[in-house]
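Worksheet: the structure to be examined is printed underneath.
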Amino acid sequence: MKIDINLTKIRNKIEEAEKQFGRRNNSVCLIAVTKTREINEITDAINENQRHFGENYCQEAVEKIKAINHSDLIWHFIGPIQSNKTNQIARYFSWVHTLDRLKIARRLNEMRPDNLPPLNVCVQVNTSKESTKSGLLINELENFIDALDEFKRLKVRGLMSLPEINENFDSQRESFRQLNKVFHKLNKNHVKLDTLSMGTTIDMNAAIAEGATFVRIGTAIFGPRIQ
Ligand SMILES: *Cc1c(COP(=O)(O)O)cnc(C)c1O
């Protein structure tokens with residue numbers, strides 16, 4: 001894969017979408033999603049000045065983070081969180097996008113090392129109302145976010161969603177609009193959220209149209225995943 005060319009393309013697409021949907025220039029930050037990718041693919045992206053990376057599997061991620069050992073990188077944990085992995089996640093990542101249980105929040109808070117700044121967290125939201133999907137329902141968010149207040153080693157930054165795959169722009173947009181609406185509603189009440197993590201290769205433009213501040217892109221940068 002020509003990672004340099006792909007990165008340029010995706011950065012241009014982000015810029016175009018910012019213009020098209022009246023978003024400020026550089027208001028959307030690209031996270032390169034590197035689950036299942038080799039170290040040399042990640043270093044290719046680093047050489048193109050990519051700094052934000054997303055990983056889904058803790059053990060795989062920590063091995064790569066240690067091997068790459070680059071102090072300027074910002075690692076985002078975007079996979080399901082098992083409670084026996086909270087120690088590693090709290091130690092090696094700057095961001096967690098998939099928080100949806102208080103028990104996990106408590107463990108991440110306890111395990112975040114004192115010499116690091118608070119762990120940035122996004123609460124994962126299930127906008128498709130499927131009981132099999134991870135994430136909180138929209139009507140559960142306010143109480144959940146209030147309850148996170150006691151965890152001083154976590155910094156609540158915003159909301160994240162990973163909708164079902166859908167090829168239709170308008171339906172993609174509709175699902176992101178729900179997140180955007182509740183984001184503004186929560187901000188009106190009391191909390192200060194500044195992050196909407198939404199949009200992957202297939203629905204990035206719809207997410208940018210609805211206010212995404214992080215898009216999480218794997219396939220468009222590194223090609224299709226085998227696994
Ligand atoms: C894999 C993954 C992505 C990237 O998806 P692509 O379709 O490869 O762009 C984004 N977000 C999450 C949570 C993922 O698991």
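No value in this document is a laboratory result; all are computed from the given coordinates. Treat the numbers as computed from the prediction; the structure is a model and nothing was measured. Positions of Cβ are backbone-derived with ideal geometry, glycine not excepted, and every protein chain shown enters the neighbour counts.
Each principal axis of the chain carries a Cα extent, and these read 45, 41, 32 Å when sorted largest first. Identify all aspartates and glutamates with a Cα-Cα distance to LYS85 below 19 Å; exclude those on the same chain that are fewer than 8 residues away in sequence. Straight-line reach from LYS85, under 19 Å: GLU55, GLU60, GLU63, ASP100, GLU110, ASP114. Cβ-to-Cβ counts within 10 Å put LEU193, LEU102, LEU159 in ascending order as LEU102, LEU193, LEU159, the fewest first. Taking amide H as placed 1.01 Å from N in the peptide plane, VAL33 has its amide H under 5 Å from the amide H of GLY54, ILE217, GLY218, each at least 5 places away in sequence or on another chain. The GluC sites (Glu not before Pro) of region 52-147 that DSSP puts in a loop, and whose beta carbon has at most 16 other beta carbons within 10 Å, are GLU130. The trypsin sites (Lys or Arg not before Pro) found in region 61-163 that occupy coil by DSSP, while having at most 13 further C-beta atoms within 10 Å, are LYS129, LYS152.
When shorter helices are ignored and each DSSP H run of at least 4 residues is given -39500 (n - 2.57), the per-residue value for the chain at 222 nm works out to -12000 deg cm²/dmol. Less than 5 angstrom separates the built amide H of ASN166 from none of the residues sequence-distant by 5 or more or on a different chain.
Which FRET efficiency value, to the nearest 0.05, do you get for ASP146 and ARG24 by plugging their Cβ-Cβ distance into 1/(1 + (r/R0)^6) with R0 = 25 Å? Once rounded, the FRET efficiency stands at 0.25. Just report the Cα centroid separation between region 97-138 and region 155-182, whole Å. Comparing the Cα centres of region 97-138 and region 155-182, I get a distance of 17 Å. In this simple spin-label model, placing a label point 7 Å from the Cα along the Cα-to-Cβ direction at both THR36 and LEU116 gives a separation of 2.6 nm. Distance between the pseudo-spin-label points of GLN88 and LYS181 (7 Å out from Cα toward the beta carbon): 4.0 nm.
Sequentially through region 202-209, phi angles give Karplus couplings (6.51, -1.76, 1.60; θ = phi - 60°) of 7, 10, 4, 5, 4, 5, 5, 4 Hz, Gly and Pro residues having no value and appearing as x.
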